[in-house]
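Asker: Please find one structure pasted underneath; my questions will follow.
The values are calculated or read from the model by the stated rules, or taken from the named source; none is laboratory data. Note that this is a predicted model, so its numbers are computed, not measured. Quick reminder, even Gly has a Cβ in these numbers, built from the backbone with ideal geometry, and neighbours come from all protein chains shown.
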Amino acid sequence: MGRSGPALDNAISESFVAMLKCEILHPRRFPSREAARSTVFEYLEALNNRRRFHLSLGHVTPAAYEETTRKGAAVA
């Protein structure tokens with residue numbers, strides 16, 4: 001299985017998967033795997049990365065954080 005280690009190693013991943021299940025997957029049924037995949041992709045790109053603020057990124061969206069990081073790397 002996995003290595004021994006701190007119980008919180010996957011806390012962020014587990015939290016994200018739980019949020020995804022509660023907000024997207026459990027409230028509905030999908031006609032196909034492709035429909036589910038498309039919905040998850042849209043959730044990640046449209047909502048999670050563009051509108052939802054993340055505490056671990058200093059209360060900015062992942063898209064804004066990436067843009068700021070990219071600009072900083074271009075200057076350096």
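Asker: What are the residues in region 14-66 that are surrounded by 12 or more Cβ atoms within 10 Å (Cβ to Cβ), at pLDDT 75 or above and in a loop (DSSP other than H, G, I, E, B), if any?
Answerer: Residues satisfying the conditions are Phe30, Thr61.
Asker: Show the residue pairs meeting these rules: Cβ distance below 9 Å; 6+ apart or different chains; first residue within region 37-61 and within 17 Å of Val17 (Cβ to Cβ); second residue modelled with pLDDT of 70 or more and assigned to a loop (DSSP other than H, G, I, E, B).
Answerer: Note: pairs meeting the criteria are Arg37/Phe30; Thr39/Arg28; Thr39/Phe30; Asn48/Thr61; Asn49/Thr61; Arg52/Thr61; His54/Thr61.
Asker: Same structure, new question: For the structure I just gave you, tell me whether Arg3 is basic (Lys, Arg) and either at pLDDT 85 or above or surrounded by fewer than 10 Cβ atoms within 10 Å (Cβ to Cβ) (or both).
Answerer: Numbers: basic (Lys, Arg): yes; either at pLDDT 85 or above or surrounded by fewer than 10 Cβ atoms within 10 Å (Cβ to Cβ) (or both): yes.
Against the criterion (basic (Lys, Arg) and either at pLDDT 85 or above or surrounded by fewer than 10 Cβ atoms within 10 Å (Cβ to Cβ) (or both)), Arg3 qualifies.
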